[in-house]
Amino acid sequence: MKVITISNHKGGVGKTITAVNLAAALRIVNEKRVLLIDSDPQGSATKHLLGRGFKPDEHLGQALIDKSFADVILETSSGLDLVPADIRLGNATDVIEDLKHWTFRLKQTLATVAEHYDFVIIDCPPSLKTFTVMALVAADAYLIPTEPEEFAVDGLEKLTDLADYVVAGMNPGLRMLGIVVTRYHKNLRNAHHDKMINAMHEKYGEEMMLPSIRRDKTVLDAVTQASTVFHLNAESNAAKDYRALAAAVLARV
Ligand SMILES: Nc1ncnc2c1ncn2[C@@H]1O[C@H](COP(=O)(O)OP(=O)(O)OP(=O)(O)O)[C@@H](O)[C@H]1O
Ligand SMILES: [Mg+2]
């Protein structure tokens, strides 16, 4: 079982869209057994797969505190298994941080389902706190989605610094898988998209640049219809790009 954490403390950069559709590509195109973990109290990945109005009975926090994953995992029609989240996960933060060795809690809980999955994809909240720390401690690798804006490259160090801290003290095996530019759009007016990609290239090296995801309405339709880009239109640009991303991920882990 390989655990991949999708993280960037900046909000709205495509973490959830990437977590859901990368997980779907691994499941549908590559026939891997995939568990998606929603570790964001906003519950965006949960709403994405199960609809805006869906209210889970159980949530990730309960699996971390006093239940097992078996109590919490939902099978979804996308073929993905999901550990859901909602606002109650945020309310449980203090209780979780009072647990002994809380930073290892997600890692320990995941060990109980290791035989059942080839991949675990963790969708993180836009923060560097509790759930992102636990997700980095639990992961083999982390992937950073980012928007194609000129200054996006500047903030990434906060995340890579946290990851370095986690490597030094808690998870020596953690590595950076790479950066994914989302909502990519190539035209003259948006030449700064390419400028920004070049800036990342220079800073992190070519091997850290994963395939970009083009801006595509299929992504938004998938959210509205509680589906994935593969179920909606397997020939869409978004499906092609997430397929390429999954292939790159498989080649690296
Ligand atoms: N490839 C794409 N094409 C078009 N729109 C996209 C694409 N990727 C993401 N978006 C849009 O960008 C917005 C933010 O995406 P998403 O929710 O995945 O970001 P996030 O980083 O998870 O946000 P948060 O920090 O709040 O968790 C959404 O409205 C989504 O529909
Ligand atoms: Mg999100």
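No lab work stands behind these numbers, since they all come straight from the coordinates. Source: prediction; values computed, not measured. Glycine gets a Cβ as well: all are built from the backbone with ideal geometry, and neighbour counts include every protein chain shown.
Each eigenvalue of the Cα gyration tensor of segment 1-123, multiplied by 5 and square-rooted, gives one semi-axis; in descending order these are 21, 17, 14 Å.
Specify, per residue and in Å³, the volume enclosed by the convex hull of the alpha carbon atoms belonging to segment 2-252.
115 Å³
Using every Cα-Cα pair within segment 111-233, state what percent have a distance larger than 22 Å. Summing the P(r) tail past 22 Å for segment 111-233 gives 47 percent. In terms of other Cβ atoms within 10 Å, ARG183, ARG215 run from fewest to most in the order ARG215, ARG183.
Which net charge results when you count Lys and Arg as +1 and Asp and Glu as -1 among the other residues whose beta-carbon is under 11 Å from that of ALA238? For residues surrounding ALA238, the net value is +2. Note on ILE28, ILE17, ILE37: ascending count of other Cβ atoms within 10 Å places them as ILE28, ILE17, ILE37, the fewest first. Phi angles across segment 200-211 convert, under the Karplus curve 6.51 cos²θ - 1.76 cosθ + 1.60 with θ = phi - 60°, into 3J(HN,Hα) values of 5, 3, 5, 6, 9, x, 4, 5, 8, 8, 7, x Hz, Gly and Pro given as x.
For ALA141, what charge total do you get from the other residues with a beta carbon under 10 Å from its beta carbon, if Lys and Arg give +1 and Asp and Glu give -1?
Working: positive: LYS2, ARG175, ARG252; negative: ASP140.
Residues close to ALA141 contribute a combined charge of +2.
A full extension of the chain between ALA199 and LYS158 corresponds to an added length of 13.1 nm, given 0.36 nm per residue minus the alpha carbon distance.
In the chain, the DSSP beta bridges split such that about 10 percent are antiparallel, to the nearest 5.
To the nearest 0.05, what FRET efficiency results for GLU206 and LEU232 with a Förster distance of 41 Å applied to their C-beta separation?
Details: r = 32 Å, r/R0 = 0.78.
E(calc), rounded to 0.05, equals 0.80.
Placing a label point 7 Å from the Cα of LYS67 along the Cα-to-Cβ direction, the residues of segment 81-122 whose backbone N falls under 15 Å of that point are 82-92.
Seen from VAL253, the other residues with C-beta closer than 15 Å to its C-beta sum to a net charge of +2, counting Lys and Arg as +1 and Asp and Glu as -1. Sorting TYR142, TYR204, TYR242 from the fewest to the most surrounding beta carbons within 10 angstrom yields TYR204, TYR142, TYR242. For the chain, averaging the sequence separation of C-alpha pairs within contact (under 8 Å, six or more residues apart) and dividing by the residue count gives a relative contact order of 26 percent. Spatially, segment 227-244 and segment 153-174 are offset by 31 Å when compared through their Cα centroids.
Cβ-Cβ distance of VAL167 and ALA114, R₀ of 22 Å, FRET efficiency by 1/(1 + (r/R0)^6): the value works out to about 0.55.
Given a Förster radius of 22 Å and the C-beta distance between LYS217 and GLU149 as r, what FRET efficiency does 1/(1 + (r/R0)^6) yield to the nearest 0.05?
Working: r = 20 Å, r/R0 = 0.91.
Working from the Cβ atoms, E equals 0.65.
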